[in-house]
Amino acid sequence: MDYEGFKGHVRESAEKFKQLDKNETIRLIGHLDADGITASSLMIKLLNKENRKYSISIVTQLKKEIIDSLARESYKYYVFTDLGAGQLSYIQEKLKDKKVFVLDHHEPEKVDNEIVHVNPHLFGIDGGKEISGAGVVYYFTKSINPEMEKFAHIAIIGAIGDIQEDNGFLPLNNEILEDAKKHGNMKVIQGLRIFGAQTRPLHKVLEYCTMPYIPGVTGSESGAIQFLQQLGINPKKGTTWKKLVDMDKEEIQKLCTGVIMKRLGEDNPEEILGNVYILPNEDKGSPTRDAKEFSTLLNACGRMNKASVGIGACLGDEKTKKRAISGLQDYKREIVNAIKWYEKSKGTSDVIQKEGFIIMNAKDNILPTIVGTLASIVSRFNDIQDGTYILSIADLLDGTLKASIRVAGINQKVDLHEIIKTITDKIEGCEAGGHMHAAGALIPAEKEQEFLTIATEILEKKGIEECVH
């Protein structure tokens, strides 16, 4: 892992960017998940500081049609953030007369071309774990303007959104975290690693806690309330439900001990405790105060086709932040609908469930932007065995299908990008992308049956291999 080589390349690439004519508009293309939105936000922050004009598009996936459409535009300069590494040869072919920058952390296509391509993989650094798209953009923008250091916390929200935090960060992300702490924009505290501490009632936080699982509490509202009462913690604060942020030190201590005792039969009973990433300048009780909740908020904006609202929230616009928070309810509603669809469709031809894998074909029953979210949620269900592959598919409006693959259980050492690529390589017109831990594909609608057949064959084989090992 050549960290210094990577940083040197970032500096060289930044110098090339500085030479661009300031009178020209920069064409930005970004990805719609939390990491993509934070990456775009950092780039916009830099362009605003540099008094440069820009035009931005946020896309679900960088398809050939999108690159074709970009090629018909009259811009001279193009910057791709958190995408583009898998389509370098096609970008080069179509945008050959343009100056192109690709700032990405996904596994790159192995080609030589004139694109300025900043990517940790080129230096033996795993972009899936070590640095997010927003992190790559952060190093790049900081090399152009050192004042960008004040926005390091945005890159950390991106890294958390891309599940790169495992009770701490690896070196590159950790360096960014130190910058965020230095400027007082992020504080790391030891506490309960439970989602919703800032915003949800305490009993609801416990009921929905699946990572880690709390026996007798997870999945049961009455179980959660009873559990709190047994610990001597009143779940109410006056007439309203108590939140985790309302609790005093003694109550938190009781809760921590109680959760660990409940989890004594599990592998790591104390894994519920650890680093919690707080943005101290955000309001207490707001989903923007906890970095994990902030990343979910941004994901919601992207998945609900409101990426610009997410960018506004990252840039600190209070009005837009409020819009992002109110839109979170719509996103939650869509997720609940997706889970209900899954529960209702079990046992039908739309949900193929066999030894070692599940394939869910939601068609037009759920939003295509949340197929990955549905796969992630199903992979955490208690009745799903560790190591089970979860593949979900839904229809996109343009006549293609979007697929996402996940695996149940933590620390599963399988390369999901490799698996989805093995499937798509056998089918003409398919495109695969993603990381080792979360991957996806685009499939032409007419290839749906072929994709399902080949996916079933390959996942069946994988299931058998896992059993043999």
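If R₀ is 45 angstrom, what is the calculated FRET efficiency for the pair Leu264 and Glu65, using the beta carbon separation as r and rounding to 0.05?
Working: r = 54 Å, r/R0 = 1.21.
The pair Leu264/Glu65 has a calculated efficiency of 0.25.
State the dimensionless ratio Rg/Rh of the chain (Rg: radius of gyration of Cα atoms; Rh: Kirkwood radius).
Working: Rg = 22.4 Å, Rh = 23.2 Å.
Answer for the chain: 0.96.
Quick one: order Arg72, Arg406, Arg323, Arg11 by neighbouring beta-carbon count within 10 Å, fewest to most.
Details: Arg72 7, Arg406 24, Arg323 16, Arg11 13.
Starting with the residue having the fewest Cβ neighbours, the order is Arg72, Arg11, Arg323, Arg406.
Take the Cβ-Cβ distance between Lys16 and Asn51 as r, set R0 to 22 Å, and report the resulting FRET efficiency rounded to the nearest 0.05. Let's see the in-between values first.
Values: r = 19 Å, r/R0 = 0.86.
Efficiency, from the Cβ-Cβ distance: 0.70.
Once the piece of chain linking Asn23 and Ile410 is laid out straight, how much longer is it, given 0.36 nm per residue of separation minus the C-alpha distance between them?
Values: separation 387, 0.36 × 387 = 139.32 nm, distance 4.94 nm.
Gain in length upon complete extension: 134.4 nm.
Give me the Debye-computed log₁₀ of I(q)/I(0) at q = 0.16 Å⁻¹ for region 190-335, equal point scatterers on Cα only, no solvent, two decimals.
The Debye formula, applied to the Cα set alone, gives -0.89.
Ranked by Cβ crowding within 10 angstrom, fewest neighbours first, how are Leu62, Leu192, Leu273, Leu28 ordered? Provide the component values of the computation, followed by the final result.
Details: Leu62 25, Leu192 18, Leu273 15, Leu28 22.
So the residues, fewest neighbours to most, are Leu273, Leu192, Leu28, Leu62.
Alpha carbons only, please: Rg and Dmax for region 273-355, in angstrom.
16.5, 50
Among Ile325, Tyr138, Leu177, whose Cα sits farthest toward the positive end of the charge dipole of the chain (+1 at Cβ of Lys/Arg, -1 at Cβ of Asp/Glu, about the Cα centre)?
Ile325
Share of antiparallel DSSP beta bridges in the chain, in percent to the nearest 5?
Working: 31 of 55 bridges.
If we restrict to bridges inside the chain, about 55 percent are antiparallel.
Explain nothing, just the number: dipole magnitude of the chain about its Cα centre with +1 on each Lys and Arg Cβ and -1 on each Asp and Glu Cβ, in debye rounded to the nearest 20.
Values: 61 positive and 68 negative charges, 366 e Å.
The calculated dipole for the chain is roughly 1760 debye.
Can you find, among Ile225, Leu244, Cys314, the residue farthest towards the positive end of the dipole of region 190-335? Put +1 on the C-beta of Lys and Arg, -1 on that of Asp and Glu.
It is Cys314.
In whole Hz and in residue order, list the ³J(HN,Hα) couplings for region 421-435 that follow from phi through the Karplus curve 6.51 cos²θ - 1.76 cosθ + 1.60, θ = phi - 60°; x for Gly and Pro.
So the J values, rounded to whole Hz, are 5, 4, 6, 5, 4, 8, 10, 5, x, 8, 10, 10, x, x, 10.
Just to verify a number: FRET efficiency for Lys363 and Asn305, C-beta to C-beta distance, R0 = 22 Å, to 0.05? Display every interim value, and only then the final one.
Values: r = 19 Å, r/R0 = 0.88.
Calculated transfer efficiency: 0.70.
With a cap of 10 neighbouring Cβ atoms within 10 Å, and only residues DSSP puts in a loop, list the GluC sites (Glu not before Pro) found in region 386-449.
Here the GluC sites (Glu not before Pro) that fit, given the DSSP loop and packing criteria, are Glu428.
What do you get when you divide the Cα radius of gyration of region 317-368 by 2.2 N^0.38 Å, with N the number of residues?
Working: Rg = 15.7 Å, N = 52, 2.2 N^0.38 = 9.9 Å.
This ratio for region 317-368 stands at 1.59.
How many nm is it between the label spots at Asn281 and Glu221, if each spot is 7 Å from the Cα in line with the beta carbon?
Each label point lies 7 Å from its Cα, and together they span 3.9 nm.
With label points built 7 Å along Cα→Cβ from the Cα atoms of Thr239 and Asn167, find their separation and express it in nm.
Modelled inter-label distance: 4.3 nm.
Quote to one decimal, in nm, the extra length available between Gln449 and Gln229 on full extension: 0.36 nm per residue of separation minus the C-alpha distance between them.
Details: separation 220, 0.36 × 220 = 79.20 nm, distance 5.25 nm.
Full-extension gain reported as 74.0 nm.
Quote the convex hull volume per residue of region 29-115, based on C-alpha atoms, as a whole number of Å³.
Numbers: hull volume 7.8 nm³, N = 87.
About 89 Å³ per residue, rounded to a whole number.
Under a crude label model (7 Å from the Cα following the beta-carbon direction), how far is Thr422 from Asp126 in nanometres?
1.8
How compact is region 346-468 by the rule of thumb for globular proteins, expressed as Cα Rg over 2.2 N^0.38 Å? Don't jump to the answer; show the numbers that get you there.
Values: Rg = 13.1 Å, N = 123, 2.2 N^0.38 = 13.7 Å.
Ratio of Rg to 2.2 N^0.38 Å for region 346-468: 0.96.
Roughly how big is region 253-301's charge dipole about its Cα centre, with Cβ charges of +1 (Lys, Arg) and -1 (Asp, Glu), in debye to the nearest 20?
Values: 6 positive and 8 negative charges, 38 e Å.
About 180 debye.
Among Leu442, His106, Leu273, which residue has its Cα furthest toward the positive end of the charge dipole of the chain, with +1 on Lys/Arg Cβ and -1 on Asp/Glu Cβ?
Leu273
Throughout, read-outs are computed from the coordinates displayed, never taken from laboratory work. None of these values were measured; they are calculated from a predicted model. We place every Cβ from the backbone using ideal geometry, glycine too, and count neighbours over all the protein chains shown.
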